[in-house]
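Here is the structure we will look at, set down as structure tokens.
The values are calculated or read from the model by the stated rules, or taken from the named source; none is laboratory data. Note that the structure is a prediction, hence the values are computed from the model and not measured. Reconstructed Cβ throughout: ideal geometry from the backbone, glycine too, with neighbour counts over all protein chains shown. Ligands, DNA and RNA are stripped out before the accessible areas are found, and what is left, the full protein with its side chains, is counted by its heavy atoms. Shrake-Rupley method; radii C 1.70, N 1.55, O 1.52, S 1.80 Å.
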Amino acid sequence: MKIVSVVGARPQFIKASAVSGELRKKHTEILIHTGQHFDDNMSAVFFEELGIPKPDINLHVSGGTNTGQVARMMLKLEKQFRELEPELVLVYGDTNSTLAGALTGRQMNIPVAHVEAGLRSFRMSMPEEQNRIITDAISSILFCPTMTAVEQLRKEGIERGVYFTGDVMYDAVLRFKDMSSGRVDYGELGVKPGQYNLLTLHRAENTDNKENLRGILRGVRNSSIPVVFPMHPRTKKALKKHGLENEISGNIHVIEPVGYLEMIELEKNAKRILTDSGGVQKEAYFLKVPCITLREETEWVETVEDGWNVLTGADENRISREINSFSPAGKQRNVFGDGKAGSRIVEILSEVEG
Ligand code: UD1
Ligand code: UDP
């Protein structure tokens, strides 16, 4: 089958690393990078490190409003799909690149397959929630990472074409976690393994809202151990815009975004992880590191139910309390599959084709 995969943002390169290799053994894949993420450390590094095939086409669409970004992507995707005539469009996750790929495919009557279907935060103001709901509604094949996601789709009346596959990010962690050892120069970072907290922050609700951003930074600076903070470009811009650069205290070690192997190594050896990222919450759980989520809700409810993740929102006091004390309360269940989600997705696509 001739499949066009559409990716564009950092987590999608990591997700595609679990699928593309397998996919190309049986099908013809054309990889389109929308250009949403473009800095070398937000894009190129993942293609180099993870052995993902280089994008066949880059649309160079980034920045602007969500509406403008999706619209510009769609116009360019329409042209590509017309020329390439794919039999299927494959999209990942919940970003603007996901929505643009899915909606363009649907409107051209090309079947769409969605990896990471059925996730919900139930906060419709999040662009990601809008992107997921629309993508799921118009996809023909829906690959769910958890049974919670399957059940959610059923509640929404979506049952046809739904498959539980497990989580492709679990595949990636299992594949790369040993390779990540030795990737971090702790001396240069000025911290010791096991004696730092790791912070990531980029969600629009936290970066675009000055109060939230300030609350988080003030909570985090109460950490009794150093905090390593690979800063997302969105957050860098937001700190400047809101005039909050002085809120970064001495115990926060800001670094540039890191590659995946370095990130996994930093996660493995963190005492606690603080994040508003979806992917990082899951990786904390997979690597058995306590996670403090800087949001009021999470799509990855199992990590909270199992006691390995606690939600603090952007509240300074809640963050200050948990950062030095949160300790997982329960045993982990096996809810994210068996680490073979990628090959299962390819098998299902091959069966559907037949
Ligand atoms: C996007 C996704 C979010 C995902 C995140 C992963 C949407 C609506 N949001 O958010 O779901 O969790 O990616 O990291 O799709 N920028 C750079 N260099 C880059 C990338 C971005 O400077 O390499 C800048 C952009 O120009 C823009 C800002 O960062 O000003 C935000 O980028 P954008 O891709 O619009 O959204 P993210 O916050 O990255
Ligand atoms: N990640 C990375 N380097 C960093 C920060 C994150 O490689 O500096 C990885 C992280 O390990 C995870 C993915 O990026 O696999 C998560 O992406 P992100 O937080 O940007 O987006 P989200 O998952 O929230 O959509």
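Of Ile14, Val304, Phe286, whose Cα points farthest to the positive end of the dipole of the chain (charges on the beta-carbon: +1 Lys, Arg; -1 Asp, Glu; origin at the Cα centre)?
Towards the positive end, the residue furthest out is Val304.
For region 294-354, which GluC sites (Glu not before Pro) pass both filters: DSSP loop (anything but H, G, I, E, B) and at most 11 other C-beta atoms within 10 Å?
Values: sites: Glu296, Glu297, Glu299, Glu302, Glu305, Glu316, Glu322, Glu347, Glu351, Glu353; in loops: Glu296, Glu297, Glu299.
The qualifying sites: there are none.
Taking the Cα centre of the chain as the origin and placing charges on Cβ (Lys, Arg +1; Asp, Glu -1), which of His253, Phe176, Asn334 is farthest toward the positive end of the dipole?
His253
Just to confirm my numbers, what's the Cα centroid distance between region 124-203 and region 264-306 in Å?
10 Å
In square nanometres, what is the average projected area of the Cα convex hull of region 11-69?
Result: a mean projected hull area of 4.3 nm².
How much length is gained on full extension from Ser224 to Asn58, taking 0.36 nm per residue of separation minus their Cα-Cα distance?
Working: separation 166, 0.36 × 166 = 59.76 nm, distance 4.41 nm.
My answer for the length gained is 55.3 nm.
To the nearest 0.05, how large is the calculated FRET efficiency for Glu85 and Glu347 if R₀ is 25 Å and r is the Cβ-Cβ distance? Numbers along the way, then the final one.
Numbers: r = 24 Å, r/R0 = 0.97.
Calculated value: 0.55.
Over the chain, give the accessible area per residue in Å² for a 1.4 Å probe, as an integer.
41 Å²
What trypsin sites (Lys or Arg not before Pro) does region 253-341 have in DSSP loop regions with at most 14 other beta carbons within 10 Å?
Numbers: sites: Lys268, Lys271, Arg272, Lys282, Lys288, Arg295, Arg318, Arg321, Lys331, Arg333, Lys340; in loops: Lys271, Lys288, Arg295, Lys331, Arg333, Lys340.
Hits after loop and neighbour filter: Lys288, Lys331, Arg333.
So who's got an amide H within less than 5 Å of the one on Leu274, skipping anything under 5 residues away but keeping other chains? H placed 1.01 Å off N, in plane.
Amide H neighbours of Leu274: Leu198, Leu199, Thr200, Ile292.
From zero outward in steps of 5 Å, how is the percent of C-alpha pairs of region 72-152 spread across the bins?
Once binned at 5 Å, the Cα pair distances of region 72-152 give 3, 17, 28, 24, 16, 8, 4, 1.
Enumerate the calculated ³J(HN,Hα) couplings along region 319-330 in order (Karplus 6.51 cos²θ - 1.76 cosθ + 1.60, θ = phi - 60°), each rounded to whole Hz, writing x wherever the residue is Gly or Pro.
Couplings: 5, 4, 5, 6, 4, 10, 9, 4, 9, x, 9, x Hz.
Ignoring ligands and nucleic acids, what accessible area does Met231 show with a 1.4 Å probe (Å², nearest 10)?
Met231 has an accessible surface of roughly 20 Å² with all protein chains in place.
Taking the Cβ of Asn109 as the centre, find all other residues whose Cβ is under 14 Å away and add up their charges (Lys, Arg: +1; Asp, Glu: -1).
On the way: positive: Arg82, Arg106; negative: Glu78, Glu85, Glu87.
In short, -1.
Calculate the radius of gyration of the Cα atoms of region 117-204 to one decimal place, then report Dmax, the largest Cα-Cα distance, as a whole number, both in Å.
18.3, 54
Skipping prolines and chain starts, which residues have an amide H placed within reach, meaning under 5 Å, of the one on Val162, given they are 5 or more residues away or on another chain?
Under 5 Å from the amide H of Val162 lie the amide H atoms of Leu142, each far enough along the sequence or on another chain.
For region 17-23, just list the computed ³J(HN,Hα) in residue order, Karplus coefficients 6.51, -1.76 and 1.60, θ = phi - 60°, integers in Hz, with x standing in for Gly and Pro.
Working through the residues one at a time gives 5, 8, 10, 4, x, 4, 4 Hz.
Which three lengths, in whole Å and largest first, does region 1-140 cover when its Cα atoms are put on their principal axes?
For region 1-140, the Cα spread along each principal axis is 38, 34, 27 Å.
Rounded to the nearest whole Å³, what is the per residue volume of the convex hull around the Cα atoms of the chain?
122 Å³
With no solvent and one equal point scatterer placed on each C-alpha of region 244-354, evaluate the Debye formula and give log10 I(q)/I(0) for q = 0.10, 0.13, 0.15, 0.17 Å⁻¹, two decimals.
Result of the Debye calculation: -0.38, -0.59, -0.75, -0.90.
Output ³J(HN,Hα) for region 196-205: one whole-Hz value per residue in order, computed from phi by the Karplus curve 6.51 cos²θ - 1.76 cosθ + 1.60 with θ = phi - 60°, and x for Gly and Pro.
For region 196-205, the Karplus-derived couplings read 8, 9, 10, 10, 10, 7, 7, 4, 3, 5 Hz, x marking Gly and Pro.
Nothing charged except the Cβ atoms of Lys and Arg (+1) and of Asp and Glu (-1): what's the magnitude of the dipole of the chain about its Cα centre? Round to the nearest 20 debye.
Details: 44 positive and 48 negative charges, 88 e Å.
Computed about the Cα centre, the dipole is about 420 debye.
Quickly estimate the mean residue ellipticity at 222 nm for the chain, helices only: each DSSP H run with n ≥ 4 gives -39500 (n - 2.57), and the total goes over all residues, rounded to 500. List each step's numbers first, then the result.
Details: 17 runs with 156 residues, N = 354.
Result for the chain: -12500 deg cm²/dmol, rounded to the nearest 500.
Share of Cα-Cα pairs in region 158-204 beyond 14 Å, in percent?
Working: 790 of 1081 pairs.
It works out to 73 percent of all Cα pairs.
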